[in-house]
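Data block below; observations after.
The values are calculated or read from the model by the stated rules, or taken from the named source; none is laboratory data. The shown structure was predicted, so the numbers you read here are calculated from the model rather than taken from an experiment. Counting neighbours? That spans all protein chains shown, and the Cβs are built from the backbone with ideal geometry, glycine included.
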Amino acid sequence: MKNFQRIAFYLFSFGFARGVLFISPILLANLLPSAVYGTLEWSYAAASVIATLVAVGTSATVPLVELKKVTTGSFSGVLVHQLFVAVGVAVLLVCGVLLQLSDAFVMTTLFTAAIALQVLWSSYLKTHGRGEASLFLDAGTFGLITVVVVAVDYVRSPNVVDWLIWGIACYVFILSSVSIWGLVRRLRDGEVVAYQEVLRLGFPLMVSSVVTVAATTSGRLMAGYLGGVVLAADYSVLARIAALPIIAHQIVMVAKFRHLFTLPDRDMERAVSNIIGLVALAAAIFGLSFNSLGWIFGAAFLRVFDENALPAYWILGQSILWSGIALHDLVNTRLQTMYKVLPWSIFCLILSVPTAVVLINIWGISLAHFVYVHGLLMLLFYLNQIAAMRRAGIRLVRAWSIAVGGYVLFVSTATIFCL
């Protein structure tokens, strides 16, 4: 009975928290003008990459440090660096306001601190078996933004961007205060900061995470760069809804986060295969009802989907690759093989960006052309990671087969039926 209650509470927590995270962007897309929503999504995507970069992988070291998987580093050292990031963001924010820089700059700056601190404490909670709490925290940024936008829409205030900026700033202040309290408590308990050890341990994890985040957020970033904020808004509307199968990935990851770092190596492939297979199954089920469920997601989705049905299915299929790429990051973190895999991933990413820009400019800038090119380059990126991991001695043949085969089968079937 206790196990049943624990599972039921976890599923309720997951459903509520992930429901907020899933519904929030949909509400924002329907409540905000396309230009504002596009700016918001682009700023958040850019901040995701920047936050991963400036955090120097310190958040990724939390399970290694707290579970004593390494002999150096400490959580105090992680907190010190994250507070340095918060101070740097505050300085940039003041400069941005004084120089009257764009709203996109200010929002990106604030999002950087919010994402960095949110990821830190979410990782800490999952590491200590408090997955339910981490779920609510993961929904914090977009949940807060949605509350602000709904309130502003209710009172019909024209200054929605200003209210958004103030709301994010308050959220950053709260997370920074919690971090300061945590650092003081650890220091009082006599924990050594070990700052240099944390940076040394986190740097390869940072490079790996930057590559992963850049790959998974490249759609919104490149859509905004190539076609402006309106194209970024249209792409984000489809991408946010098409990411629903990722919930299957997250259910397992949050519940089994600690377990994935402690299970024997021989069980690694089975665990990874099961997660990717679950995502592929969720994508197939959602794909069958994608068209009929459009009314649930509002006018913004219906407008974009009616004009771009096939690209929407292609984006839906990419959820399989997103899961595979995220799991590669976890496997390389656990086995500490980042240095062997990263050079190949970086080379592929650097080569992919100009290739995408050239192909789309030649073919013509549109949402459909962008999605097709981006989808093919994501597949090449995943295949490149597979080759690099094989060179590092990692064998996840079953998981790789499910991911590649599932993606190719999904987009091929969708293309045949839509055309």
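Computed quantities for the displayed model
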| read-out | value |
| --- | --- |
| Residue within the stretch 250-268 that is modelled with pLDDT of 85 or more and in contact with a Leu (Cβ under 7 Å, 6 or more places away or on another chain) present | no |
| Every residue from the stretch 368-419 that is of a type in the set (A, V, I, L, M) and touching a Phe, Trp or Tyr at 6+ places or on another chain (Cβ under 6 Å) | V371, I386, A388, V411, A414 |
| Qualifying positions in the stretch 330-373 - buried (at least 16 other Cβ atoms within 10 Å of the Cβ) and over 27 Å from F410 (Cβ atoms) | T333, R334, L335, T337, M338, K340, L342 |
| Of the criteria (1) more than 26 Å from W121 (Cα to Cα); (2) touching a His at 6+ places or on another chain (Cβ under 8 Å); (3) modelled with pLDDT under 85, which one L278 fails | (3) |
| Residue satisfying all of: in the stretch 374-396; charged (D, E, K, R) and part of a helix (DSSP H, G or I); surrounded by the most Cβ atoms within 10 Å (Cβ to Cβ) among these | R390 |
| Flag for S292 being under 20 Å from A414 (Cβ atoms) and outside any helix (DSSP H, G or I) | yes |
| Answer from W181, W163 - the residue that is surrounded by 13 or more Cβ atoms within 10 Å (Cβ to Cβ), in a helix (DSSP H, G or I) and aromatic (F, W, Y) | W163 |
| Unmet requirement for I402, which otherwise passes all of (1) farther than 27 Å from N274 by Cβ; (2) assigned to a helix (DSSP H, G or I) | (1) |
